[in-house]
Every structure is written in structure tokens, then in C-alpha cells.
């Protein structure tokens, strides 16, 4: 499929499905009854099925514990048979009527409650239709003009955010090119190749809403599979022809008279530079993309092999004495993957993380589930919606500080009843695995509320070789004494002990640096590094900053995923939507540039601070987290509920911007 056909794709994205009765019956055993009812309503167009059957269906397992079904009413076995008969009568026929969609608001609310297991607020409907994959993002500013060829875009980054920006650019008629410092598509999922690298968010949701797929092999796919997903999108929509790989942007300068950005592009292959020009720039470089090492002396003196998870290269681990320094997501995944191969593995933990138990094992998607997603109309979209709605319904409650609850529970580190519920699930996992009060249980129990640092999912269960399983093995030690220095023989801890090693794996995360490697000079010579000095960045919706016209910083400050059910995909899409609505505002006004006012910027950030004061990260300072800067300000998470941020990001307020209408010279991206 060529670029620019996104809306055409959605017009026909639920195709007529003709199946055999035998296949339907065989695979439908894997479907929950509420899913069959949803499909039956769509394919038959008979809304009365909801009145007839909804009250007789036991709800699917709900993360919220709430249900729309009458208490104690059991599911009648004959309901499944009746629903299957209705579905079969339609899908086995070549002559099928048009399927019923989700345009009717009242119907969508009823179907949403059936899918989620509880009443979903009607105010979430627009967001839910989009995020479930029923519709693409809806244009808020109805275009009356098309972008000029001179209003070209430079998109920096070819990961999830950059791909979404490119698709939106093509869909709206903007000329664009993509620049990425790596050699291939995927961003994080291209560069991260350490053993065990995987997605720890369900792939059915951690994907782009306009490219929902049934093809995942696992509920939590490995990194290579996710990279293939993004690669497939780039190929499908013709992005590769517009992407410059091995091209690192090192400098950007705004020329006000010409209303254009000039970018210096460094080839990471031969170290040569060139200069290109673009009318507007969208940065999509991610929050964390450069390897971070701890401030420990002697790292360069180590005589063995030393490798960082963020810049992985294959090293021999079999039968070696190995250290893994760091127990975040990368550390936990790599320990689970390599512990059995080593003669001895020393795991260095600076601060314990809350680790969620693995409840799906290997999480292989069954043949029947694949078939249902592929062949039952709207099954795929409702499956995605259910994950999003259920997580969104409770997760923000986990982050809201409840002073009354805390006063009543002074001995708990939790901040609310919901936060305590999440914490106890992980605490029980520790105690059930190692025994309450055991040495390992004490070492692995965090001293901060659940969510104070990003929680991590154990890649496998305890008996299948996961993180906790590995820590219990006789060839693995968990070391909590701080590292003093690295010496040629290994690592010396603060108590003077030497841990002799052949290999050190640094799983110490990535640097949160807010475009710091790029010299960015805005209007009147103002440097972004000065505006954001002391790791204290701020921006307005769409990542706009006063004095930096036509610069849109996605993955910017206070747009990190933490509050509510939105994943990184949600944040990327929502911010990109706002960016392209702002660019359309520019087009409609025949303007050359758009720049947020200082007043709007400051008011927005005052609101961020006001909301953040009632959330976990501003309350707790025990967790050592990159969410917080050196002065204590929370700089990464968004304090907005997903539905609030989505609504704020639908339509730009023209009064918040300064539009410049001077004539722009030719600015197509060409080498000077």
C-alpha cells in the first residue's frame, strides 16, 4: 500500500469474511462469550441481541473487579450455541450485508461496557474508538487548503513516534523526510538486541492504533518481532524511500528572515557532514536512547569483556563469571536469559524494583486466537479496546495520593488502597517465592510505593526460568553492597570485597537527555540547552517551546507514560495528532511559522505542577528514578489522565500561538 492512503484503508479495513462452519466451531471454543456477542451484533446488525443475551453472560475477568452483569447470574451454556448459530448463518454465506459499525454513540457505549466488563464513561468514546482501531485520528481542523510544497518537514527518528509522524504527514499532504542515526527502522527496537529483550506491555495494545494486527506470536513479543512489526509498516507505506539512515542530526538553527530550519546531518558511516533545510521539524528521538554508565571509577581498566545492554555486541557467556549491574527491565530480562549459561552470575542491585508476577507463562498466542482475530469482524478491535479500557480504568488510581488512606495505614509505603492492592500482588510474589523474612525476600522488597519507579514484569514464571527463579539458583548471587570501583580483575564493593569476573554487563539504563546532543538555536540566537538548563525542561502541548518556531518535540518533557492506561504508542499518537493540527492551523492561515506564546506555555506548565502535586512521584522521594530531576521536579511523566490529555490535544487554540505570515523562500530538503 502506498503512502497517503490511511483513511482509505480504514474505510475498508473490516473486510467481508467467509468461513467454514467447521473452522468457526473449532476456533470459537477459545472465544469468551461476551466476544461472541459483540461479533454477532456486528455481523447480523441485530442490536436486540444485547437485550436478549447481555444479562446472561458472565463478564470476562476484569482488572477493575467491576461488572455490568447482574450479581450471581450464571452464564447459560445455550447462549454460546445460539450466538454461534447466528454468526455462522452470516459468515458462511457469500452474500453478506454490510456489517454494523460503531458510529452510533449509544450503541458504542453498550458494546464498550460488554467488552470491558464495566460501564465506560461516554466522554471516553472518541478516544476509545481511535485507540481500539475502529477509526483513524479524526481531523479537528477541517482542511480547506493543502500544504505548500515549501512547507516540508524533517522528522528526526525512525522509531514508533517517527513512523506515526510520517504516516500522519503523508495522510495530510505534507512533504517530509526522516533522519535516523541508526542503520534501520525501529528506534529502541532496532538498537536493543541484548539476550531476552522483549516488550513488557501486551502487543495487542503496544502497537499503533491505525495498524492493529492479528499476527503477534506472543502476548509479550520479543524485541526482534516488534522491530519486524515496525519494519513492515515502513515497507507497507513507502517510508523507506524517504528515510535517511546513519544520519545523526547534530545541529539545528532557525533563520527567522527565511522562516526555515537549517539542520546539520552527520553521517555515522564516514563522519562527513551535510546541511539540509526544512520549514518545520518534528523530533521523535524517544526519551531514553543513549547508554548510561554509573559514576564508578575504573570501568575502562577492566581486563575482561565489558558490554552495555544499550549497545549490545555478542560476548561469550557460557561457563564465564559474569556480573549484571542493574535490575531494571533490561537487567531482569538479561538475568533471566543468561543465568543458566554462566558458571557464576553476580547481580548488582542498587535499589530493588517492584516486579510483577508472570501470569501467562511463555504467552504464546494460540492458533485459535490468531484465527479469531483474523476472521471474526471487529474481534481484533474489541480485544485491543478491552486491554486499554481495563488498564485505563484503574491505573491512574494507583498514582493518586490518598492522604486519608495513608493516615489510616501509617506502616505501609503505599499511597492509596489501589496502590496497596498492586503492591501486595508483587509483595506476595516475593514472599511466595523466597519465603517471607528470608534474606532474598528482604533484599528484593522495595522501600517505596508501587509505581515510584517503573514496575517490571518477570519475563517468565518462577518454575520456567524467570528472574526470581534465577536469583534462587546456586550459581547466582544478589549483591546489594554498593560498587566502589572497577579493577582489572572485576568489581570491588564498598566493603572491600573483590568479585572476580570475566564479563561485566552494564544494565544501567539509558540517559534522559532531552535532545542535549543536538545544538538547537532558535529565534534571536536562543539555545534550547539554555532554556532547559539544569535538566529542567518544559514545553507546551505538542512539544512546543517559545522562541523555537515550527519545532515540535514529541517524546518531550512530561509526556512519559505513567499516569493512566496510555502506553507509549498512545502518547506518540496523541502528541503527533496535536502537532499536525497545529501545522494545519498554519496552512489555513497562509502562515510561514507557528510559535507558542510564553503566557500559554507558562500557564500549561503551572497546570502540570498543580496536578503533579497530588500524584505519587511528587509525594515520594525514596525511589531513585529518572522521573525526577536533581532539584526534585517531576519531568518525565504526564500528570494528565489519558482521556484529558487526548481531549486537550484534539484542537489547537489559535490564541495560544503567534503566527508569522511572511513569505517563505524555497525550503525543500536539499543538500547545500
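Considering region 1-36, the residues that are buried (at least 18 other Cβ atoms within 10 Å of the Cβ) and farther than 19 Å from residue 93 by Cα include one that is modelled with the lowest pLDDT, namely 6. Filter region 310-327 down to the residues that are buried (at least 18 other Cβ atoms within 10 Å of the Cβ) and under 30 Å from the mean Cα position of the chain (by Cα) and list them by number. Scanning region 310-327 gives 310, 312, 323, 324, 325, 326, 327. Residues of region 415-444 being in contact (Cβ under 8 Å) with a residue 40 or more places away in the chain and not in a helix (DSSP H, G or I), which ones? The answer is 415, and nothing else. Quick check on region 571-581. Is at least one of its residues in a loop (DSSP other than H, G, I, E, B), modelled with pLDDT of 95 or more and under 20 Å from residue 170 (Cα atoms)? Checked against the condition, which is being in a loop (DSSP other than H, G, I, E, B), modelled with pLDDT of 95 or more and under 20 Å from residue 170 (Cα atoms), region 571-581 yields no hits at all. Checking each residue in region 30-48 for being over 11 Å from residue 87 (Cα atoms) and assigned to a helix (DSSP H, G or I) picks out 33, 34, 35, 48. Of all the criteria given as (1) in the same structural domain as residue 329 (by TED's automatic domain parsing); (2) more than 20 Å from residue 443 (Cα to Cα), the one not satisfied by residue 482 is (2). For region 475-484, the criterion of a residue being in contact with a helix residue (DSSP H, G or I) (Cβ under 7 Å, 6 or more places away or on another chain), surrounded by 17 or more Cβ atoms within 10 Å (Cβ to Cβ) and farther than 23 Å from residue 575 by Cβ is satisfied by at least one position. Quick one: is residue 248 in the same structural domain as residue 521 (by TED's automatic domain parsing), surrounded by 16 or more Cβ atoms within 10 Å (Cβ to Cβ), over 30 Å from residue 459 (Cβ atoms) and modelled with pLDDT of 95 or more? Spelling it out, residue 248 is indeed in the same structural domain as residue 521 (by TED's automatic domain parsing), surrounded by 16 or more Cβ atoms within 10 Å (Cβ to Cβ), over 30 Å from residue 459 (Cβ atoms) and modelled with pLDDT of 95 or more. There is no residue in region 570-579 that is in contact (Cβ under 8 Å) with a residue 12 or more places away in the chain, surrounded by fewer than 19 Cβ atoms within 10 Å (Cβ to Cβ), in contact with a helix residue (DSSP H, G or I) (Cβ under 7 Å, 6 or more places away or on another chain) and in the same structural domain as residue 539 (by TED's automatic domain parsing). Scanning region 191-201 for residues that are within 21 Å of residue 266 (Cβ to Cβ) and modelled with pLDDT of 95 or more yields a total of 0. Being modelled with pLDDT of 95 or more, buried (at least 20 other Cβ atoms within 10 Å of the Cβ) and more than 26 Å from the chain's Cα centre (by Cα), is that true of even one residue in region 349-369? Within region 349-369, none of the residues are modelled with pLDDT of 95 or more, buried (at least 20 other Cβ atoms within 10 Å of the Cβ) and more than 26 Å from the chain's Cα centre (by Cα). Which one of these is crowded, with 17+ Cβ neighbours inside 10 Å, in contact (Cβ under 8 Å) with a residue 60 or more places away in the chain and either closer than 22 Å to residue 458 by Cα or more than 15 Å from the chain's Cα centre (by Cα) (or both): 227, 231, 259? So the residue among 227, 231, 259 that is crowded, with 17+ Cβ neighbours inside 10 Å, in contact (Cβ under 8 Å) with a residue 60 or more places away in the chain and either closer than 22 Å to residue 458 by Cα or more than 15 Å from the chain's Cα centre (by Cα) (or both) is 259.
Listed here are the residues, each with its yes/no results for (1) over 30 Å from residue 268 (Cα atoms); (2) buried (at least 21 other Cβ atoms within 10 Å of the Cβ).
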| site | (1), (2) |
| --- | --- |
| 99 | yes, no |
| 107 | yes, no |
| 111 | yes, yes |
| 115 | yes, yes |
| 136 | yes, yes |
| 144 | yes, no |
| 183 | no, no |
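Of the strands (runs of 3 or more DSSP E) lying entirely inside region 445-559, those containing at least 2 residues that are under 30 Å from residue 591 (Cβ atoms) and touching a strand residue (DSSP E or B) at 6+ places or on another chain (Cβ under 7 Å) span 519-521, 551-553.
Here is a check on your reading of the model: is residue 158 in contact with a strand residue (DSSP E or B) (Cβ under 9 Å, 6 or more places away or on another chain), assigned to a loop (DSSP other than H, G, I, E, B), surrounded by 19 or more Cβ atoms within 10 Å (Cβ to Cβ) and modelled with pLDDT of 95 or more? Against the criterion (in contact with a strand residue (DSSP E or B) (Cβ under 9 Å, 6 or more places away or on another chain), assigned to a loop (DSSP other than H, G, I, E, B), surrounded by 19 or more Cβ atoms within 10 Å (Cβ to Cβ) and modelled with pLDDT of 95 or more), residue 158 qualifies. Candidates 595, 630, 609: the one that is within 26 Å of residue 349 (Cβ to Cβ) and either touching a residue at least 60 places away in the same chain (Cβ under 8 Å) or assigned to a helix (DSSP H, G or I) (or both) is 630. In the condition set (1) in a helix (DSSP H, G or I); (2) exposed (fewer than 15 other Cβ atoms within 10 Å of the Cβ); (3) not assigned by TED's automatic domain parsing to the domain that holds residue 464, residue 388 is compliant with all but (2). Scanning region 501-546 for residues that are under 24 Å from residue 576 (Cα atoms), surrounded by fewer than 19 Cβ atoms within 10 Å (Cβ to Cβ) and free of Cβ contacts under 8 Å to residues at least 60 places away in the same chain returns 516, 527, 529, 531. Screening 430, 442 for residues that are touching a strand residue (DSSP E or B) at 6+ places or on another chain (Cβ under 8 Å) and under 27 Å from residue 628 (Cβ atoms) leaves exactly one candidate, 430. On the basis of being surrounded by fewer than 17 Cβ atoms within 10 Å (Cβ to Cβ), under 24 Å from residue 191 (Cα atoms) and assigned by TED's automatic domain parsing to the domain that holds residue 479, does residue 270 make the cut? So residue 270 fails the test.
The values are calculated or read from the model by the stated rules, or taken from the named source; none is laboratory data. This structure is a prediction, so every number in the text was calculated from the model and none was measured. Glycine also receives a Cβ, built like all others from the backbone with ideal geometry; neighbour counts cover every protein chain displayed.
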